[in-house]
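In what follows, a structure is listed as structure tokens, so that the remarks can point back to it.
Values in this text are rule-based calculations from the coordinates and carry no lab data. Please read these numbers as outputs of a predicted model, since none were measured by experiment. Quick reminder, even Gly has a Cβ in these numbers, built from the backbone with ideal geometry, and neighbours come from all protein chains shown.
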Amino acid sequence: MEWFEDWFNSPYYHLLYSHRDEDEANLFMQNLLHKLAPAAHSRILDLACGKGRHAQFMASKGFDVIGVDLSENSIAEALMKSAPNLQFFEHDMRFPFRINYFDYVFNLFTSFGYFDNQRDELNTIKAIALNLKPQGTVVIDFLNANKVLKTLDNCTESKVIEGITFEWNKSVVNECVIKAIDVIDAGVVHHYKEQVRLLEAHDFETYFTLAGLRLTAIYGDYNLTPFDVNHSERLIMLAQNQA
């Protein structure tokens, strides 16, 4: 089992990140939809949708949205949000879901870079291109690797949530940020990790080119201000399918 199959399907993952800022997420989605101005009833794929909060937001604006995720537990919860224009499925992003079907594919909040090799990363981008209609657009919201390297604190932190202790350490190993997580629950220690490859804009542009996509815009935060490699918090890229 790969680390993301284990960790993202764990109840501890959902407990640790239950504090996520909904207002920030909704602001980003509002800004993004305003920038893209999708036509009414555009088909949108939320790739690695988690519990479906962003897919639900987009569906509330009248778009036809499908959310997919590898985590069985996440999809089980997301399915409770289903609506006539909102569906959810278990799916591995390395493979196409529906070919030549979507106007937009969204991959949000650092849901990329999890794999151990470049082949899987490229296969994911190629699958995204196949999911898109000709001239369709993908949005990838990723971390700014340069900023992470400058600000990463290689130290242990801890948090207690509902009587369960979480301890973690972040470090850089083989061009990846590794977050080693220990969960202490009723005296039993469970070990997990998160791993994100420190990809930069030029890495994505190489993948885009190989997949028949063209990079059209880069932004540096959820307000969609211009990207600054030294200061921006995020690396938000728009690319268009050239098929």
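To make sure I understand, if each residue's beta carbon is the centre and we count other beta carbons within 10 Å, what order do I181, I161 fall in, fewest to most?
Ranking I181, I161 by Cβ neighbours within 10 Å, fewest first, gives I161, I181.
Would you mind telling me the antiparallel percentage of the DSSP bridges in the chain, rounded to 5?
70
With a 10 Å Cβ neighbour count serving as the proxy for reagent exposure, in which order, fewest first, do C155, C176 appear?
Sorted ascending by nearby Cβ count, the order is C155, C176.
Could you give the C-alpha radius of gyration of the stretch 139-243 expressed as a fraction of 2.2 N^0.38 Å, taking N as the number of residues it contains?
1.35
Mind scanning K51/K147; K35/K133; K35/K61; K81/K170 and naming the pairs with a C-alpha gap bigger than 23 Å?
Working: K51/K147 28 Å; K35/K133 19 Å; K35/K61 14 Å; K81/K170 34 Å.
K51/K147; K81/K170, as the Cα separations exceed 23 Å there.
Okay, helix-only estimate at 222 nm for the chain: each DSSP H run of n ≥ 4 adds -39500 (n - 2.57), divide by all residues, round to 500 deg cm²/dmol; what do you get?
Value at 222 nm, helices only: -8500 deg cm²/dmol.
Simple spin-label model, 7 Å along Cα-to-Cβ: H41 to T165 in nm?
In this crude label model, H41 to T165 measures out at 5.7 nm.
Relative contact order of the chain, please, whole-number percent, based on alpha carbon pairs below 8 angstrom and at least 6 residues apart.
Result for the chain is 17 percent.
To the nearest 0.05, what FRET efficiency results for L149 and K61 with a Förster distance of 22 Å applied to their C-beta separation? Provide the component values of the computation, followed by the final result.
Numbers: r = 36 Å, r/R0 = 1.65.
Taking R0 as 22 Å, the efficiency between L149 and K61 is 0.05.
For the chain, what is the charge dipole size about the Cα centre, in debye to the nearest 20, if Lys and Arg each add +1 at the Cβ and Asp and Glu each add -1 at the Cβ?
Approximately 820 debye in magnitude.
Quick one: what do you get for the chain if you divide its Cα Rg by 2.2 N^0.38 Å? Let's see the in-between values first.
Working: Rg = 17.7 Å, N = 243, 2.2 N^0.38 = 17.7 Å.
So the Cα radius of gyration is 1.00 times the expected 2.2 N^0.38 Å.
Give me R119, R43 sorted ascending by neighbouring Cβ count inside 10 Å, so fewest comes first.
Details: R119 10, R43 20.
Neighbour counts put them in this order, fewest first: R119, R43.
For I181, what is the net charge nearby, where nearby means another residue's Cβ is under 9 Å from its Cβ and Lys, Arg count +1, Asp, Glu -1? Walk me through the numbers before you get to the answer.
Working: positive: K179, K193; negative: E167, D182, E194.
Charge balance in the 9 Å sphere: -1.
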